[in-house]
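S.K.: Below you will find the structure I want to go over with you.
The values are calculated or read from the model by the stated rules, or taken from the named source; none is laboratory data. Every value quoted in this text rests on a predicted model; they were computed, and no experiment measured them. Because the Cβ atoms are built from the backbone with ideal geometry, glycine has one as well, and the counts that use them run over all protein chains shown. Please note that ligands, DNA and RNA were not included when accessible areas were found on the heavy atoms of the full protein model with its side chains. Shrake-Rupley method; radii C 1.70, N 1.55, O 1.52, S 1.80 Å.
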Amino acid sequence: MGSEDVNVPLLHGEPDIDDIKNFGQFLKEAKVENVKIWSLAAPCIFTAVAQYSLGGLTQVFAGQLTTLELDAVSTENMVIAGLAFGIMMGMGSALETLCGQAFGAGQLHMLGVYMQRSWIILNTMCLCLLPIYIFAEPILKFFGQNDEIAALAAKFSLYMIPQLFAYGFNFPIQKFLQSQSKIMTMAWISGAAVVFHFFFCWFLIIKLQLGLPGAAIALNTSWWLVVLGQFAYIYLGYCPGAWNGFSMSAFRDLSAFARLSIASAIMMCLEFWYYMLLVVLAGQLKNPQVAVAAISICTNLNGWEIMIFIGFNAAISVRVSNELGAGRPKAAKFAILIVVMSALIIGICFFCLVLALRNVFPLPFTTSPEVAKAVSHLAVLFASTLLLNSVQPVLTGVAVGAGWQWLVAYVNLACYYIVGLPLGFLLGKHFNYGVEGIWTGMISGVGLQTLILLIITLKTNWSTEASLADSRIKRWGGSVDAPEPEEVTKTNGESSNNTV
């Protein structure tokens with residue numbers, strides 16, 4: 001399985017690419033960069049879509065029960081689990097900066113230590129998030145959610161606590177593997193989990209008619225299979241040099257590492273919570289069950305599309321962090337250009353597809369004609385959102401690779417919570433535009449955020465960013481003395497002076 005991963009050598013010491021002076025040279029470099037990007041992006045896209053599909057498939061099977069049960073699963077998936085997912089993925093993305101730049105700089109021995117530090121920090125955060133799962137009903141009601149939906153979603157939230165801790169282990173493992181371009185393993189494991197989840201959902205929900213408890217058992221089990229499968233790959237010795245066993249060094253320099261993790265979490269959470277709060281706002285409209293179902297279906301489909309571009313997000317984050325760590329600013333800048341172009345082309349295809357299938361795509365998610373009609377009315381706005389979301393995750397990936405987490409957190413706060421949500425609330429509730437009004441506000445925030453990130457990226461001095469890469473590793477990741485050459489090649493069954 002390890003031999004099928006992308007074989008990307010250490011970049012440290014390699015010269016930067018030449019200045020591009022003509023179109024022929026551009027095409028030549030673009031061909032080389034596309035191979036690098038797609039060898040990373042394609043498995044990352046598959047992995048992201050597959051892991052997101054675990055929740056999406058659960059919603060599909062819940063939709064075959066009742067509208068209320070669909071709303072409950074959607075609300076838990078988007079609001080409660082969405083909150084945890086955003087925090088865990090955000091905190092885990094600190095490893096994209098540190099592991100990626102350390103890999104590019106040739107400091108391979110640091111990757112396993114970084115991952116273990118992230119486990120400690122993320123699982124501590126899981127304990128802090130438990131009250132949100134336990135007291136989900138009053139929290140949802142406080143934000144105006146319909147009483148029936150809130151009560152059933154809270155019950156389902158209690159069932160989903162094991163998934164929370166799976167997140168705490170999964171995202172550090174993912175970033176650890178991504179930084180080394182070992183993404184085919186992630187793709188195989190995630191694909192197998194989706195196939196298992198589909199049949200397990202069918203067996204528990206449809207065949208045994210266990211309803212929401214069956215959905216929870218299936219979703220928890222599938223997530224833990226992903227975590228254990230990925231860790232088994234690492235532990236069995238397929239990451240030599242990067243994984244040298246469990247280390248007491250993981251408990252050192254936690255404060256600096258935690259600060260970067262918190263910055264990453266705030267950046268990502270402001271984004272995930274934005275879509276989560278759309279579901280809460282929809283619960284305050286007239287006929288809330290239809291409104292919540294319509295918003296949930298669109299955000300679910302939008303989430304699948306975002307997962308595709310999170311694959312590009314991961315790819316460009318790896319490319320930028322590796323190139324900056326290796327001191328190759330021109331290569332980093334050129335990689336950004338190629339990924340943005342590729343993502344935009346795919347986004348245009350999604351835009352056209354949604355408009356062409358506006359009366360068809362809601363049908364797999366609901367048996368209610370009223371809900372399907374509400375979703376089809378959102379087609380133009382939804383298609384525009386998919387187009388924007390093709391570029392936005394790529395620009396966020398650039399920010400993560402460069403270590404701009406705090407800057408993007410401020411941008412997200414302003415665009416989403418000062419512009420997008422208030423505008424959606426006014427249009428949806430006070431001006432009676434309903435679901436369309438809420439979505440218009442949302443897309444305004446996303447559009448403004450994308451524009452600002454594009455301007456920041458264009459104005460960045462990438463030579464300066466490359467010179468700062470080493471200081472970032474020391475400031476945020478701490479330092480661990482490099483192991484002796486023979487220690488790097490030890491198998492996991494052998495011990496070293498730094499392992500326990």
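S.K.: Which one of these is open to solvent by 40 Å² or more (accessible area, probe 1.4 Å) and modelled with pLDDT of 90 or more: PHE143, PHE199?
M.R.: Values: PHE143 fails: modelled with pLDDT of 90 or more.
Just one listed residue meets the conditions, PHE199.
S.K.: Among (1) out of contact with any Ser or Thr (no Cβ under 8 Å at 6 or more places or on another chain); (2) surrounded by fewer than 22 Cβ atoms within 10 Å (Cβ to Cβ); (3) within 23 Å of SER53 (Cα to Cα); (4) not polar (S, T, N, Q), which single condition is ALA414 missing?
M.R.: (3)
S.K.: Inside the range 400-411, can you point out the residues that are buried (at least 24 other Cβ atoms within 10 Å of the Cβ) and either aliphatic (A, V, I, L, M) or assigned by the TED database to the domain that holds MET89 (or both)?
M.R.: Matches in the range 400-411: VAL400, ALA402, VAL408.
S.K.: How many residues are of a type in the set (Val, Ile, Thr), in contact (Cβ under 8 Å) with a residue 12 or more places away in the chain and surrounded by fewer than 24 Cβ atoms within 10 Å (Cβ to Cβ) when one looks only at the range 50-78?
M.R.: Filtering the range 50-78 for residues of a type in the set (Val, Ile, Thr) gives 58, 60, 66-67, 73, 75.
If we keep only those that are in contact (Cβ under 8 Å) with a residue 12 or more places away in the chain as well, we get 58, 60, 67, 73, 75.
The next check asks that each one be surrounded by fewer than 24 Cβ atoms within 10 Å (Cβ to Cβ); those that pass are 60, 67.
Looking only at that region, the number is 2.
Every residue, every condition in (1) in a helix (DSSP H, G or I); (2) modelled with pLDDT of 80 or more; (3) open to solvent by less than 30 Å² (accessible area, probe 1.4 Å), yes or no:
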site: ASN7; (1), (2), (3): no, no, no
site: LEU10; (1), (2), (3): no, no, no
site: GLU14; (1), (2), (3): no, no, no
site: GLN25; (1), (2), (3): yes, yes, no
site: ALA30; (1), (2), (3): yes, yes, yes
site: ILE37; (1), (2), (3): yes, yes, yes
site: ILE80; (1), (2), (3): yes, yes, yes
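S.K.: How many residues does the range 420-450 contain that are within 14 Å of LEU388 (Cα to Cα), modelled with pLDDT under 85 and over 23 Å from the mean Cα position of the chain (by Cα)?
M.R.: The number of residues fulfilling the criteria is 0.
S.K.: Consider ALA193 against the criteria (1) touching a residue at least 24 places away in the same chain (Cβ under 8 Å); (2) farther than 28 Å from GLU69 by Cα; (3) aliphatic (A, V, I, L, M): it satisfies all of them except one. Which criterion is unmet?
M.R.: The failed condition is (2).
S.K.: Next question, about the same structure. Does any residue in the range 119-141 that is of a type in the set (Asp, Glu) come within less than 8 Å, Cβ to Cβ, of a residue that is surrounded by fewer than 19 Cβ atoms within 10 Å (Cβ to Cβ) six or more places away or on a different chain, and which pairs are these?
M.R.: Here the result reads GLU137/ALA151, each pair linking the range 119-141 to a residue that is surrounded by fewer than 19 Cβ atoms within 10 Å (Cβ to Cβ).
S.K.: So in the range 202-256, with the set limited to residues that are of a type in the set (S, T, N, Q) and under 17 Å from ALA166 (Cα atoms), which one is most open to solvent (accessible area, probe 1.4 Å)? Lay out the reasoning, then the answer.
M.R.: Initially, the range 202-256 is screened for residues of a type in the set (S, T, N, Q), giving 209, 220-222, 230, 244, 247, 249, 255.
With under 17 Å from ALA166 (Cα atoms) added as a condition, the list becomes 220-222, 230.
On the way: ASN220: 19, THR221: 50, SER222: 0, GLN230: 0 Å².
Result: THR221.
S.K.: One residue is enough: does the range 146-155 have a residue meeting the conditions without any contact (Cβ under 8 Å) to a residue 12 or more places away in the chain and either charged (D, E, K, R) or not assigned by the TED database to the domain that holds LEU68 (or both)?
M.R.: Step one: of the range 146-155, the residues without any contact (Cβ under 8 Å) to a residue 12 or more places away in the chain are 147.
Going one step further and asking which of them are either charged (D, E, K, R) or not assigned by the TED database to the domain that holds LEU68 (or both), we end up with 147.
Yes, there is a match, as at least one residue in the range 146-155 is without any contact (Cβ under 8 Å) to a residue 12 or more places away in the chain and either charged (D, E, K, R) or not assigned by the TED database to the domain that holds LEU68 (or both).
S.K.: While we're looking at this one, here's another question. List the pairs whose first member sits in the range 394-413 and is under 22 Å from PHE334 (Cβ atoms), whose second member is of a type in the set (Val, Ile, Thr) and outside any helix (DSSP H, G or I), and whose Cβ atoms are under 8 Å apart, counting only residues at least 6 apart or on separate chains?
M.R.: ALA402/THR460
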